[in-house]
Amino acid sequence: MSESTTEKHGSLWTRFKCWFLEWQRGWFVPVRVSKWEWFILRLLFAGAVYHTFLDWHPYVYDSQPRPTGIARFVSLTFLNHENAYETMKIIVGITCLVYVSGFGLLASLPVLTLCSTLVRTYANSQGFTHHGLQIVTLTLLAQTLVVWYLRVWEWKHKRKWEFAPGISLGSYMLYYCQGVILATYVISVVTKMIKTYGLWIWNARYICIELIKSHRSEYYKYLDPKADSEVSMAVWLLNHPLAATALFGSGFFLEMFALLGLRNRLWALGIGLALIAMHESISVIMRLTFRYNEMLLLVFLVNIPYWCVWAVRRAIPSKRLQQ
């Protein structure tokens, strides 16, 4: 390689590094979150959390044949008690109200995290794993760690935590909730690469076989005549392997770069909407729903209340100028 070529490549690399440093400077930090916004976020999230406890199925199991997580050390069969379901709903309901109030976060968040962990672990100890609710438990855990870290720091240093100007507890909570939610997608990419030895995108063309299995299981589960039909989308993807690779590959790269949603509110909105669209397409094609993923993306990433207020504030000055 000639000296001029080396200098050219060095210059391009230097320019790229300068551009990247400028691109990320001042971003990827907690944003200003007002009290009303943090209250709405708590209210919406509490509603999603409580909704996860309305499912009575985990409580019907009378044993844990394949214990996982904490079930390996502690028997969770007490959740099979005849009053366990109603008792858990009452506990979670009261704790959610305390959480929404904004007081007692040091107690309410650990309780909600523990309850969610116990019920989901018990369900996953039956010989099959359902990960549609893990994102809720992880978000609860993230908020728990934030409030407890701040309290321990204050106890250790004998003084109040000083937030940066314009930043509040709600800012930290929103930022780390977004981080945990987006990290679950990155972990999904890592898992796919490990399980397929780096060939996931190459093997994406065969996912149409999984589509057929998904549709068949749907039929045999409910014996619904509507599901007893040819899986046209799977057949089409089988006949168009490049289209299958492009379709599933785009979702793969979206998950890979999901953490870019932490850059600022606009990036959070874009990444959030893109991930919701991905889930909706999966629901249509594979009949696999991730409604709690979509709920939390809608609450913490898309954040409709914030953008509605932002739009109103932008519109009011312009109307005044016109008058």
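The values are calculated or read from the model by the stated rules, or taken from the named source; none is laboratory data. In this text the structure is predicted, and so the values were computed from the model without any measurement. Here Cβ is always computed from backbone atoms with ideal geometry, including for glycine, and neighbour counts include all displayed protein chains.
Specify which of the listed residues (Leu133, Leu138) is under 18 Å from the mean Cα position of the chain (by Cα) and at pLDDT 95 or above. Before the answer, list the steps.
Numbers: Leu133 fails: at pLDDT 95 or above.
Result of the check over Leu133, Leu138: Leu138.
Every condition in (1) touching a His at 6+ places or on another chain (Cβ under 9 Å); (2) at pLDDT 95 or above is met by Ala123 except one, and the failing one is (2).
Leu54: outside the structural domain of Arg291 (by TED's automatic domain parsing) and either outside any loop (DSSP other than H, G, I, E, B) or free of Cβ contacts under 8 Å to residues at least 24 places away in the same chain (or both), yes or no? It would help to see each step written out before you state the result.
Details: outside the structural domain of Arg291 (by TED's automatic domain parsing): yes; either outside any loop (DSSP other than H, G, I, E, B) or free of Cβ contacts under 8 Å to residues at least 24 places away in the same chain (or both): no.
No; evaluated as a whole, the condition is false for this residue.
Being surrounded by fewer than 20 Cβ atoms within 10 Å (Cβ to Cβ), more than 28 Å from Gly179 (Cα to Cα) and at pLDDT 85 or above is a property that holds for Trp202.
Could you list, in sequence order, all residues of region 130-167 that are of a type in the set (Ser, Thr, Tyr) and under 19 Å from Ala268 (Cα atoms)?
Within region 130-167, the subset of a type in the set (Ser, Thr, Tyr) is 137, 139, 144, 149.
Thr139, the sole residue that qualifies.
Picking from residues in region 267-323 that are on the phi < 0 side of the Ramachandran plot and outside any helix (DSSP H, G or I), the one that is modelled with the highest pLDDT is Phe290. When Leu288, Leu297 are screened for being closer than 19 Å to Val189 by Cβ and either within 10 Å of the chain's Cα centre (by Cα) or of a type in the set (Val, Ile, Thr) (or both), only Leu297 passes. From the list Ile40, Ile70, the lone residue that is at pLDDT below 95 and surrounded by 13 or more Cβ atoms within 10 Å (Cβ to Cβ) is Ile70. Taken as a whole, the condition of being in a helix (DSSP H, G or I), of a type in the set (Gly, Ala, Ser) and surrounded by fewer than 17 Cβ atoms within 10 Å (Cβ to Cβ) applies to Ala107.
Select from region 78-103 the residues that are polar (S, T, N, Q), in a helix (DSSP H, G or I) and over 26 Å from the mean Cα position of the chain (by Cα) and list them in ascending order. Lay out the reasoning, then the answer.
Here is the first cut: in region 78-103, the residues polar (S, T, N, Q) are 80, 83, 87, 95, 101.
Narrowing the set further to residues that are in a helix (DSSP H, G or I) leaves 80, 87, 95, 101.
Residues satisfying the conditions are Asn80, Thr87.
Scanning region 104-130 for residues that are over 15 Å from Val74 (Cα atoms) and within 18 Å of the chain's Cα centre (by Cα) yields Leu109, Leu112, Thr113, Ser116, Thr129, His130. Among the residues of region 185-199, just one is of a type in the set (Phe, Trp, Tyr) and either in contact with a strand residue (DSSP E or B) (Cβ under 8 Å, 6 or more places away or on another chain) or exposed (fewer than 15 other Cβ atoms within 10 Å of the Cβ) (or both), namely Tyr197.
Inclusion of Gln143 among residues that are without any contact (Cβ under 8 Å) to a residue 40 or more places away in the chain, under 22 Å from Cys96 (Cβ atoms), crowded, with 18+ Cβ neighbours inside 10 Å and not acidic (Asp, Glu) is warranted. Assessment of region 238-253 against the conditions (farther than 27 Å from Ile194 by Cβ, surrounded by fewer than 17 Cβ atoms within 10 Å (Cβ to Cβ) and at pLDDT below 95) yields at least one matching residue. Within the span defined as region 61-76, one or more residues are outside any helix (DSSP H, G or I) and in contact with a Leu (Cβ under 7 Å, 6 or more places away or on another chain).
Of the set (1) more than 27 Å from Ile40 (Cα to Cα); (2) touching a residue at least 40 places away in the same chain (Cβ under 8 Å), all apply to Thr117 but (1).
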